[in-house]
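Working notes, beginning with the structure itself.
Every number in this text was worked out from the coordinates using simple rules, so none of it is lab data. Remember, predicted model here, so these are calculated numbers, not experimental data. Virtual Cβ from ideal backbone geometry, glycine too; neighbours counted across all protein chains shown.
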There are 2 protein chains.
Amino acid sequence: MALIVQKYGGTSVGTPERIKAVAERVARWRDQGHQLVIVVSAMSGETNRLIGLAQAITSDPDPRELDQMVCTGEQVTIALLAMALMARGIPARSYTGAQVAIRTDRSYTKARIESIDDAAIRADLAEGRVVVVAGFQGIDVDGNTTTLGRGGSDTTGVALAAALHADECQIYTDVDGVYTTDPRVVPQARRLNRITFEEMLEMASLGSKVLQIRSVEFAGKYNVPLRVLSSFQDGGEGTLISVDAEDAMEQPIISGIAFNRDEAKLTVRGVPDIPGVAYRILGPVGAANVEVDMIVQNVSADNTTDFTFTVHRNEYRKALAILEQVCNEVGAREVSSDDKIAKVSLVGVGMRSHAGVASKMFETLARENINIQMISTSEIKISVVVQEKYMELAVRALHTAFGLDAPAE
Amino acid sequence: MALIVQKYGGTSVGTPERIKAVAERVARWRDQGHQLVIVVSAMSGETNRLIGLAQAITSDPDPRELDQMVCTGEQVTIALLAMALMARGIPARSYTGAQVAIRTDRSYTKARIESIDDAAIRADLAEGRVVVVAGFQGIDVDGNTTTLGRGGSDTTGVALAAALHADECQIYTDVDGVYTTDPRVVPQARRLNRITFEEMLEMASLGSKVLQIRSVEFAGKYNVPLRVLSSFQDGGEGTLISVDAEDAMEQPIISGIAFNRDEAKLTVRGVPDIPGVAYRILGPVGAANVEVDMIVQNVSADNTTDFTFTVHRNEYRKALAILEQVCNEVGAREVSSDDKIAKVSLVGVGMRSHAGVASKMFETLARENINIQMISTSEIKISVVVQEKYMELAVRALHTAFGLDAPAE
């Protein structure tokens, strides 16, 4: 008998019929003798409907009141799921975040969980009940309702699993696991049976939007085994996200290939190569709340250097305007920029113990005549920036070169 | 400066525009220097939408879970109204029933308020905030969400007014006050400036559905002045419902005329006139959960009597089947029945000190050739049962005879 926390997202509970299907799935797990805590999101579309109501009132709704309102979405789903379980003869009880209580800080719309009182849930589990908990929400020390921000239901699931020392936290979603890369780009992409927290973080932050990145960090921090599963297919094992296996020999070198085309590249050319110049360039960018992703500075020639970084494409114009000003101030030669770029990244803990990954990556891209504009590396990741039009080709070539293609059936 | 509790029903907050109109009205009261606590219902249609979702899950939803879900309707409205107030620069804060806390018993879907913690509300008022409270809902001693049943938002308003010792509880609705009778039947019906709690109870229970009857009882018990006002018309004074004025001379003899056609009449004829026979007839009816309204037993002749009572028309068939059985058991002669009846009632505290009201009523009906089938009286009410087809005629004739018609303009 295991204690399992399952989380179902908005699509999985989008209609009464789907909620009944979730109840049926929960019933099957319970029949196997497991204790179950179920975390649910609002029915799909509901959160947006509520935000639309708020926006019909005011363009700048008060954050406390927004949370007070938006948290009702999950509250409806927990009650419906508990009803559906009881209609199947399964004792069940629903809890709002406040009722649990899931204590958070006071940061409305993006609160962080501080503690979870597991007494009531444990008592219900001991009495044989399935416990249904509203995701995405909590309560601050004064009794105000808070929400964890979009996707926060995953975080609720992981935090509950950590508090209850659950054997596994299962995240049900509309895909059946984590893939080596996006199957829409590479049809031969394979579902991974396992992936480490670190790899998942790199994959997620690079654009494989299966899981909320915060929930993966949380799961890693508290060592909660996390499994991604399909809520529409039965019997799959999904992908287990857990700590690094001890025997690195069994790890594949590369677990997956992430990519995105959400960034733009900015270069300040002919920057005087003196201490503090990087700060004088990036300081104003950061002050304008523009987040910078990759940063590359080449070695200098003639006492000047080129300074290149990427930002989200939405903030490209803003960053460019700042840079033109900065360029004069620091006495740089010129600013050049390009928003037709893409970032492609190899991710894998096996990289740590294997040399030659980078050179094989560059060789593969060279063979396809894809020019590399920027390179950035970390312990378990190598990212390159290429022209946007080559993105799919680069991903497919790398997927094959690193042996990730699924065997032909 | 007064402390005023205002309650707005579902129609008054049915759209974002109407919620903004409520905020505007609240702003005007606040500009006059009053402290305000606003109780709101769910947006019209929302509660039914939620119940529809539950019924799509199961025909017999668990009451705790139903309350957990249905209470979200008001929670959305309080947040939207608080946002609308803040958008006008008025400091405001919303509270769910749990946040207040409005403590109730454990009777899900029809809970009764046991106590109200007014500390947080008082603190907000002292700091100049408008407090917005979700109607219809509370929390039991274990932290479960409860609801007060349909129309319970009126009760929330009155209970808060009592707990806060408010100067007045204003109920905003889609009519501009309590009328001498239904204006759809008598176009000359007048709005009453004042009416007593007792009269209002008789009017409400007899079918003038302006206010939840429970809220009027509650207001009477705690002596909370209650005012019914239109939320769509400005400047009206509405109708003040309060305790009996001391100087009965100033009371009109009759305040209003109530009527309904929701009842059916059943008579057991030739009942042996022996002790206990009334119980042997009404016991089985009550045991079947059929509520009995008027009961009339005439003096006996030949040691038998006729026993007549009325029930809701929906339960007419059920009651009739029970009576046919009872008729044999008690040795009565026969059962007769009629579901084409109407009840017309004069209501007024002035009756207490004025003789001749009944005879004037009977005379008026006789002049119109309306036969009276049953008569029942109380301290402040005289009810008669007539053939249904005469109902409107009876109400109009009585309205004129008792001087209730509005003066011609």
Exercise. Please find, in a Gaussian network model of chain A (springs between Cα atoms separated by less than 10 Å), the residue of A:Asp167, A:Asp67, A:Asp338 whose mean-square fluctuation is greatest.
Key: A:Asp338
Practice problem: Compute the relative contact order of chain B as a whole-number percentage, counting only Cα pairs closer than 8 Å that sit 6 or more residues apart in sequence. | Solution: 13 percent
Quiz prompt | Fewest-first ranking of B:Ile195, B:Ile19, B:Ile274, using other Cβ atoms within 10 Å as the exposure measure | solution = B:Ile274, B:Ile19, B:Ile195
Quiz item: Can you pull the mean other chain C-beta count within 10 Å for peptide B:9-16?
Solution: 1
Quiz prompt | Protection-proxy order for peptides B:3-15, A:299-311, B:288-300, each taking the mean of Cβ atoms within 10 Å per residue, highest first | solution = B:3-15, A:299-311, B:288-300
Quiz prompt | Cα shape, the protein assembly as shown, gyration tensor, a/c 1.5 rule | solution = prolate
Practice problem: Could you grab the relative contact order for the stretch A:137-186? Cα pairs under 8 Å, six or more apart, rounded to a whole percent. | Solution: 21 percent
Self-check item: Burial ranking of peptide ranges B:48-54, A:393-399, B:351-357 (average Cβ count within 10 Å, highest at the top)
Solution: A:393-399, B:48-54, B:351-357
Quiz item: What fraction of the DSSP beta bridges in the protein assembly as shown is antiparallel, stated in percent and rounded to the nearest 5?
Solution: 60 percent
Self-check item: Residue order, fewest to most beta carbons within 10 Å, for B:Ser59, A:Ser94
Solution: B:Ser59, A:Ser94
Practice problem: Neighbouring Cβ atoms within 10 Å as the yardstick, rank A:Cys169, A:Cys327 fewest first. | Solution: A:Cys327, A:Cys169
Exercise. Report the closest approach of any chain B C-beta to the axis of the B-to-A rotation: residue and distance, in whole angstrom.
Key: B:Thr72, 2
Quiz item: Between their Cα atoms, which of A:Lys7/A:Lys265; B:Lys110/B:Lys221; A:Lys7/A:Lys343; B:Lys318/B:Lys360; A:Lys7/A:Lys389 are more than 28 Å away from each other?
Solution: A:Lys7/A:Lys265; A:Lys7/A:Lys343; B:Lys318/B:Lys360; A:Lys7/A:Lys389
Quiz item: Cβ under 13 Å from B:Ala120's Cβ, B:Ala120 left aside: what net charge do those residues give with Lys, Arg +1 and Asp, Glu -1?
Solution: -2
Exercise. Tally the DSSP beta bridges in chain B and give the antiparallel ones as a percent, rounded to 5.
Key: 60 percent
Quiz item: To the nearest Å, what is the center-to-center distance of the stretch A:303-351 and the stretch B:313-374, using C-alpha atoms only?
Solution: 89 Å
Practice problem: Would you mind checking the stretch A:166-201 for residues with the amide N under 14 Å from a putative spin-label position 7 Å along Cα→C-beta of A:Ser376? | Solution: none
Quiz item: For the pair B:Asp234 and A:Thr15, how long in nm is the line joining their label points, each one 7 Å along Cα→Cβ?
Solution: 4.7 nm
Practice problem: Classify the stretch A:3-173 as rounded, prolate or oblate, taking a ≥ b ≥ c as the square roots of the eigenvalues of its Cα gyration tensor: rounded when a/c is under 1.5, otherwise prolate if a/b is larger than b/c and oblate if not. | Solution: oblate
Quiz item: Which one of A:Ile195, A:Ile51, A:Val22 has its Cα pushed farthest toward the positive end of the charge dipole of chain A, where Lys and Arg give +1 and Asp and Glu give -1 at the Cβ?
Solution: A:Val22
Practice problem: Could you compute the FRET efficiency for A:Ala27 and B:Arg261, with r as their C-beta to C-beta distance and R0 at 45 Å, rounded to 0.05? | Solution: 0.35
Quiz item: When the Karplus curve 6.51 cos²θ - 1.76 cosθ + 1.60 is applied with θ = phi - 60°, which whole-Hz ³J(HN,Hα) does each residue of the stretch B:298-310 get, with x for Gly and Pro?
Solution: 7, 4, 8, 9, 6, 6, 10, 9, 10, 10, 10, 8, 10
Quiz item: Summing +1 for each Lys or Arg and -1 for each Asp or Glu, what net charge is found among the other residues whose Cβ lies under 12 Å from the Cβ of B:Arg30?
Solution: +2
Quiz item: Taking the alpha-carbon centroid of each part, what is the distance from the stretch B:164-215 to the stretch B:105-126 in angstrom?
Solution: 25 Å
Practice problem: Would you mind working out the magnitude of the charge dipole of chain A relative to its Cα centre, with +1 at each Lys and Arg C-beta and -1 at each Asp and Glu C-beta, to the nearest 20 Debye? | Solution: 580 debye
Quiz item: What does the average come to when, for each residue of peptide A:78-90, you count the partner chain Cβ atoms lying within 10 Å of its Cβ?
Solution: 6
Quiz item: Once a ≥ b ≥ c are taken as the square roots of the eigenvalues of the Cα gyration tensor of the stretch B:139-181, is the result rounded (a/c under 1.5), prolate (a/b larger than b/c) or oblate (a/b not larger than b/c)?
Solution: oblate
Quiz item: Which FRET efficiency value, to the nearest 0.05, do you get for B:Ala123 and A:Tyr279 by plugging their Cβ-Cβ distance into 1/(1 + (r/R0)^6) with R0 = 56 Å?
Solution: 0.75
Quiz prompt | P(r) weight above 17 Å for the stretch B:157-204, C-alpha pairs, percent | solution = 48 percent
Exercise. Would you mind computing the Rg to Rh ratio of chain A from its alpha-carbon coordinates, Kirkwood style for Rh?
Key: 1.02
Quiz item: Residues with beta-carbon under 10 Å from that of B:Tyr108, excluding B:Tyr108: net charge, scoring Lys, Arg +1 and Asp, Glu -1?
Solution: -2
Exercise. Under 12 Å Cα to Cα from A:Lys381, which aspartates and glutamates show up? Leave out anything in the same chain fewer than 8 places away.
Key: A:Glu198, A:Glu199, A:Glu202
Self-check item: Shielding by partners, peptide B:52-61 (average Cβ within 10 angstrom, other chains)
Solution: 6
